[in-house]
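The values are calculated or read from the model by the stated rules, or taken from the named source; none is laboratory data. Not measured: the values here are computed from a predicted model. Heads up, the Cβs are rebuilt from the backbone with ideal geometry, glycines too, and the neighbour counts pull from every protein chain shown.
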Amino acid sequence: MSSHTLLSIKNITKTFQTTPKIIKALRGVSLDIYQGEILSLLGVNGAGKTTLSSIISSLNPPTSGDILYNNKSIYEDLIGYRRIIGFCPQKPNIDEMLTIEENLHFAGRYFNVPEADIKNRATQLMKKFNLLQYAQSKGSILSGGYKQRFLLARTLMHQPKIIILDEPTVGLDPHIRRNLWDVIKELKNDGVTILLTTHYLDEAEYLSDRVCILDKGVIKLIDTPENLKTTYAQDNLENVFIELIKEDANIDVQ
Amino acid sequence: MFNKLLLTTFYTLLEKDITIYNKKLIYRSIDAIVWMSSSLLVTHNLMPLFGIKDPHYGTFVFLGNLAVWGLFEMLTSIALFIADIQGDKAISYYMSLPIPSYLLFIEEALASAYRSIASSILMIPLGKIILGKSFIISNVHWFHFFLALCIINIFYGFLTIFVASYIPDLAGLTMVRSRIMFPLWFLGGFQFSWKMLKTVCPSLAYISLCNPLFYVMEGLRSTGLPAENYIPFWCSMSMLICFSILFAYIGIYRLKKRLDCI
């Protein structure tokens, strides 16, 4: 992990107008994402992690605040920014009538990858993710684990600088999760910066260089898993998380 | 360069949707054939036995069926769209692509137009086979005919976006069928021309000019039947283009707001 800042999130707020009340999903979130790191966003349901990752993916606009890439607001050249990110959604939304190879081919063309490179890149990725035997199969026949592998492959077709993974292992069997963790680690070794949203604390602990714990729309803590375990004198991230929740509950009671 | 890249993404999305649809084209073409043949067998073969003597009646219904096919395809497109934004949210992946969201919705409308045009193509030779000599091919202004088919289905594409922006969930589809499609269809000149309506009820005829389906029916019928009996072709097409722009503007604005996209 380098200390070069790839993305700077500056004082992001997000408010949802719902009848009869206004929900403040994010309340002034600021953080830097460093090149080559895996940063995990953690928090209980409603903490704001999906909202934050959606804003960083440029799916939704913030109510206020900014995101800087190379010290320039991403909103000044949103299309350019989208070319350097890869978004991997939580639900395996494959075009099921297309074959895996066709899906990857289109994914490359969306980002204007030269035709000559698309085939090589698709083959490389299918090899990397063990999808080669399914190249000519329709997306509908893939199991959950393979669909998730395909989504990762699709995300990487245009060689993005940062990939945003929204709960990539949710609902998968433990051994398939482990397998995907290795794949994600490999991506980091290849120099890809990864923003990971997850509910699984063991996953965050195993994969992350840093974790960012969100609570009620604000950053509660951001540090390496090792530092957090030392600070809270716990042997794993799950216990740290539970300690934090206890602290919160005490504050709420007082 | 920038615009070329945008267009590449736009065109690739459209090509992807066309590729997907072509894989199931045969099933939708069969639906179209069943719809057209059953309708023409009744109107062309049975109705004359009940006293309808107009020699153009079969052609009148044939062109009306072709014109209205896209309206029924619209229901499928809306269902797919609503099911996606409520379920798998495949659209979230497409929203992260290097393309502005308004172009994504325009692409969706054009893909929807392609779906209805492609599935209706086989209805044309089928119509000729069933109608035989009553459908005089040399009377058809083919350039106008295919232009009308494109404009009409693009109109349906934007109507799809517009209606989808108002439908909260899949349960709302029954409302689309009963409150939007049927009134537009039955009051839109499927069974009569605008000039016929004006003869019997001028006030309703003028009110009906607000119904875009009238321009759909009149526009296509004027390409294959005596044009003097219908609203002028270019007038119908211009009105459909205006309605398309209006529905596109409102539909895209509302969908952007609903999906909270940039």
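With respect to B:Ile231, is the statement that it is over 14 Å from the mean Cα position of the chain (by Cα), free of Cβ contacts under 8 Å to residues at least 40 places away in the same chain and buried (at least 21 other Cβ atoms within 10 Å of the Cβ) true? In short, yes. Looking across segment A:71-99 at every residue that is hydroxyl-bearing (Ser, Thr, Tyr) and more than 17 Å from B:Met95 (Cβ to Cβ), the one that is surrounded by the most Cβ atoms within 10 Å (Cβ to Cβ) is identified as A:Thr99. The residue that is surrounded by the fewest Cβ atoms within 10 Å (Cβ to Cβ), among those in segment A:31-70 that are over 23 Å from A:Lys188 (Cα atoms) and in contact with a Ser or Thr (Cβ under 8 Å, 6 or more places away or on another chain), is A:Ser64. Scanning segment A:116-141 for residues that are within 23 Å of the chain's Cα centre (by Cα) and either surrounded by fewer than 17 Cβ atoms within 10 Å (Cβ to Cβ) or more than 14 Å from every other protein chain (Cβ to nearest Cβ) (or both) yields a count of 10.
Residues in segment B:18-42 that are over 30 Å from B:Ser134 (Cβ atoms) and either among the hydrophobic types (A, V, I, L, M, F, W, C) or more than 9 Å from chain A (Cβ to nearest Cβ) (or both): B:Ile18, B:Ile20, B:Asn22. Taken over segment B:58-79, residues that are more than 13 Å from the chain's Cα centre (by Cα), within 20 Å of B:Gly219 (Cβ to Cβ) and touching a residue at least 24 places away in the same chain (Cβ under 8 Å) amount to 4.
Looking at B:Ile33, B:Ile26, B:Ile20, can you tell me which residue is aliphatic (A, V, I, L, M), under 22 Å from the mean Cα position of the chain (by Cα), at pLDDT 90 or above and exposed (fewer than 12 other Cβ atoms within 10 Å of the Cβ)? None of the others qualify; the one that does is B:Ile26.
Restricted to strands (runs of 3 or more DSSP E) entirely inside segment A:1-115, those with at least 3 residues that are touching a residue at least 24 places away in the same chain (Cβ under 8 Å) and within 12 Å of chain B (Cβ to nearest Cβ) are A:85-88. Within segment B:241-262, the residues that satisfy the criterion of being buried (at least 22 other Cβ atoms within 10 Å of the Cβ) and away from chain A (no Cβ under 14 Å) are B:Ser244, B:Phe247, B:Gly251, B:Ile252. I want to confirm something. Restricting to segment A:6-49 and keeping residues that are at pLDDT below 90 and among the polar types (S, T, N, Q), which single residue is farthest from B:Ser92 (Cα to Cα)? This residue is A:Thr19.
Determine, yes or no, whether B:Tyr11 is under 25 Å from B:Ser112 (Cβ atoms), away from chain A (no Cβ under 11 Å), loosely packed, with under 15 Cβ neighbours inside 10 Å and of a type outside the set (A, V, I, L, M, F, W, C). In short, no.
Residues in segment B:40-81 that are of a type in the set (Val, Ile, Thr) and under 17 Å from B:Ser120 (Cβ atoms): B:Thr59, B:Val61, B:Val68, B:Thr76. If you check A:Asn227, A:Asn250, A:Asn239 for being farther than 19 Å from A:Pro168 by Cα, outside any strand (DSSP E or B) and at pLDDT 90 or above, only one passes: A:Asn227. Listed by first and then second residue, the pairs linking a residue in segment A:182-209 that is farther than 15 Å from A:Gly86 by Cα to a residue that is in a helix (DSSP H, G or I) and small (Gly, Ala, Ser), with Cβ atoms under 6 Å apart and 6 or more places separating them unless they lie on different chains, are A:Thr198/A:Ala204. Would you check if B:Ile152 is of a type in the set (A, V, I, L, M), within 14 Å of another protein chain (Cβ to nearest Cβ) and either over 30 Å from A:Val113 (Cβ atoms) or surrounded by 19 or more Cβ atoms within 10 Å (Cβ to Cβ) (or both)? Considered against the rule, which asks whether it is of a type in the set (A, V, I, L, M), within 14 Å of another protein chain (Cβ to nearest Cβ) and either over 30 Å from A:Val113 (Cβ atoms) or surrounded by 19 or more Cβ atoms within 10 Å (Cβ to Cβ) (or both), B:Ile152 comes out as no.
For segment B:79-97, the criterion of being part of a helix (DSSP H, G or I), of a type in the set (Ser, Thr, Tyr) and away from chain A (no Cβ under 14 Å) is met by no residue.
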